[in-house]
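The values are calculated or read from the model by the stated rules, or taken from the named source; none is laboratory data. Note that the structure is a prediction, hence the values are computed from the model and not measured. Note: ideal-geometry Cβ built from the backbone for every residue, glycine included; neighbour counts use all protein chains shown.
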Amino acid sequence: MSAAASTLCGTPATPPASPMGRWLLPAGALAALLPGTPPWAALLAGTVLAFALGNPWAGATARLSRLTLPLAVTSLGAGVNLAVVTRVGLQGLGYTLIGLLATFAIGAWLARRFGTSARLGALICAGTGICGGSAIAAAAPAVGARDEETSAALATVFALNAVALLVFPPLGAWLHLDAHAFGLWCALAIHDTSSVTGAALAHSADALAIATTVKLARALWIVPVALALGAWFARRDHTTHRAGVQLPWFIAGFLALSALFSFAPGLAGVAPVVTGSARALLTLTLFLIGAGLDRAALAAIGLRPLLLGVVLWLVVMAGSLAGIRLGWID
C-alpha cells in the first residue's frame, strides 16, 4: 500500500529508522536472551522499538528470526519423549480431523460473507487450523495463490499471533487453566509455533512441553491438507497443476532430537541445558518478530482478510476451549 493510501486510511507511515535504533535493537536482543525475560515483554519491546524508532536492521532481524525459531523448536525436542509425541499424534487424530474440517467449512462461509477470494480464505484457514505461517507457505503454491493473497494471509496471522501472545497468559489465569489445559489450548487456538511456545512458556515449563508436543504433532497435517487443497482447487479450476509441498525442517529436527534423547539415557543431564537454550532462543525470536512489524505492514492487510482472520480465530478459540472444558479434547 502506498504512503498516500496509508494516510487516507488513517494509518500513519512507519517512521524512518532512527540512529538510536542501531544501538537499542541489538541491546534489546541481548536483553531478550537474559534468564527470566518474559516472552510477551520481548515481543512488546521489539514492536515498540520498531514503531517508535524504525528498524535499521530490518533485513538482518528477519533473516535471524527465520533461523532462531526452527533452531529453538528443534532444541525443544530434547525435553520431549518420542513415545509421548507419537501417542499424542495418534490420540489427537479424531479431534484434529474434526477441528480442521470445521475450521475450513466455517472459514469458507466467512470468506464468502466478507467478500475475500476462495484462495485467500483457504490460506487463512490453513494458518488458523494448523500452524500459522508454515502452513500458509506450504499451501500457497498448492492452491496457486497470488503473491498479494499469500502476503495478506501471512500478515493477518502475524498480527493475530502478536495479540495471542499478549492475551492468552492472562486469559489462562482468569480461566484457572492448569498446565495441561492451558498448553493444550495454546496448541489448538494459537496460529504460529513461536507464539504457542511463547504463551505456554509464560505459564510453566509443563505447559510449554504439552503445547510444543501437541502443536508439532498437529503440524504434521501440513502435507495432507496442502495436497487436498491443491487437488480441490485444481478440480474447481479444471487444471492439472500440482505444486510440491515441503515439510518445514524444524518438525523433522524436533522428532530427530526427541528420538536421540529418548533412546540415549546417558544424555539426560544435557537435556535441561538444551531446552533452557531453546527457551532463550524463543524469547529472542519473539523480540525479532516484534522488531519486524510496522504500520505499513498492518495497513497492507486490508480490513476484510483481517476481519475473516479475527472471527475465525475467535470461533476456534471458543470451540477448542469448550472441547477442553467438556473433556472432549484431551
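Could you check, for segment 256-277, whether at least one of its residues is at pLDDT below 80, under 30 Å from residue 36 (Cβ atoms), in contact with a Pro (Cβ under 9 Å, 6 or more places away or on another chain) and not polar (S, T, N, Q)? Can you show your working first?
As a first pass, look at segment 256-277 and keep what is at pLDDT below 80: none.
No; the residues of segment 256-277 include none that is at pLDDT below 80, under 30 Å from residue 36 (Cβ atoms), in contact with a Pro (Cβ under 9 Å, 6 or more places away or on another chain) and not polar (S, T, N, Q).
Select from segment 112-126 the residues that are buried (at least 24 other Cβ atoms within 10 Å of the Cβ), over 13 Å from residue 310 (Cβ atoms) and in contact with a Gly (Cβ under 8 Å, 6 or more places away or on another chain) and list them in ascending order.
Matches in segment 112-126: 121, 122, 125.
Could you list, in sequence order, all residues of segment 46-59 that are touching a helix residue (DSSP H, G or I) at 6+ places or on another chain (Cβ under 9 Å) and either crowded, with 21+ Cβ neighbours inside 10 Å or assigned to a helix (DSSP H, G or I) (or both)? Write out each step before concluding.
Of all residues in segment 46-59, those touching a helix residue (DSSP H, G or I) at 6+ places or on another chain (Cβ under 9 Å) come to 46-58.
The answer is 46, 47, 48, 49, 50, 51, 52, 53, 55, 58.
Do you know which of the residues in segment 172-190 that are buried (at least 24 other Cβ atoms within 10 Å of the Cβ) and closer than 21 Å to residue 75 by Cβ is farthest from the chain's Cα centre (by Cα)?
183
Going by the structure shown, is residue 201 over 22 Å from residue 309 (Cα atoms), surrounded by 23 or more Cβ atoms within 10 Å (Cβ to Cβ) and hydrophobic (A, V, I, L, M, F, W, C)? Even if it seems obvious, please write down each step before you answer.
Values: over 22 Å from residue 309 (Cα atoms): yes; surrounded by 23 or more Cβ atoms within 10 Å (Cβ to Cβ): yes; hydrophobic (A, V, I, L, M, F, W, C): yes.
Here the answer is yes, as residue 201 does meet what is asked.
Can you name every residue in segment 17-30 that is at pLDDT 85 or above and either β-branched (Val, Ile, Thr) or touching a Phe, Trp or Tyr at 6+ places or on another chain (Cβ under 8 Å) (or both)?
25, 26, 28, 29
Is there any pair with a first residue in segment 31-50 that is under 14 Å from residue 276 (Cβ atoms) and in contact (Cβ under 8 Å) with a residue 24 or more places away in the chain and a second that is surrounded by 21 or more Cβ atoms within 10 Å (Cβ to Cβ) and acidic (Asp, Glu) whose Cβ atoms are under 8 Å apart and which are 6 or more apart or on different chains, and what are they?
Here the result reads none, with nothing in segment 31-50 linked to a residue that is surrounded by 21 or more Cβ atoms within 10 Å (Cβ to Cβ) and acidic (Asp, Glu).
Scan segment 68-88 and tell me whether some residue there is within 10 Å of residue 285 (Cα to Cα), under 17 Å from the mean Cα position of the chain (by Cα) and without any contact (Cβ under 8 Å) to a residue 60 or more places away in the chain.
So far as segment 68-88 goes, no, none of its residues is within 10 Å of residue 285 (Cα to Cα), under 17 Å from the mean Cα position of the chain (by Cα) and without any contact (Cβ under 8 Å) to a residue 60 or more places away in the chain.
So, residue 146, is that one farther than 27 Å from residue 272 by Cα, at pLDDT 85 or above and basic (Lys, Arg) or not? Step through it out loud before you land on a result.
Working: farther than 27 Å from residue 272 by Cα: yes; at pLDDT 85 or above: no; basic (Lys, Arg): yes.
So residue 146 fails the test.
Here are the criteria: (1) in a helix (DSSP H, G or I); (2) touching a helix residue (DSSP H, G or I) at 6+ places or on another chain (Cβ under 8 Å); (3) at pLDDT 80 or above. Tell me which single one residue 43 does not satisfy.
So residue 43 meets the others, but not (3).
Can you pull out every residue in segment 117-141 that is over 10 Å from the mean Cα position of the chain (by Cα) and either farther than 14 Å from residue 233 by Cβ or modelled with pLDDT under 80 (or both)? If you could, list the steps in order and put the result at the bottom.
Pass one, segment 117-141, residues over 10 Å from the mean Cα position of the chain (by Cα): 117-126, 129, 136-141.
Scanning segment 117-141 gives 124, 129, 136, 137, 138, 141.
Where the second residue is of a type in the set (Phe, Trp, Tyr) and in a helix (DSSP H, G or I) and the first is over 22 Å from residue 194 (Cβ atoms) and lies in segment 132-155, which pairs have Cβ atoms under 9 Å and are six or more apart or on separate chains?
That search, which allows pairs on different chains as well, returns 142/233; 143/232; 143/233; 144/233.
Which residue out of 329, 301, 289, 324 is within 22 Å of residue 168 (Cα to Cα) and modelled with pLDDT under 85? Even if it seems obvious, please write down each step before you answer.
Working: 329 fails: modelled with pLDDT under 85; 301 fails: within 22 Å of residue 168 (Cα to Cα); 324 fails: modelled with pLDDT under 85.
Selected residue: 289, the only one of 329, 301, 289, 324 that is within 22 Å of residue 168 (Cα to Cα) and modelled with pLDDT under 85.
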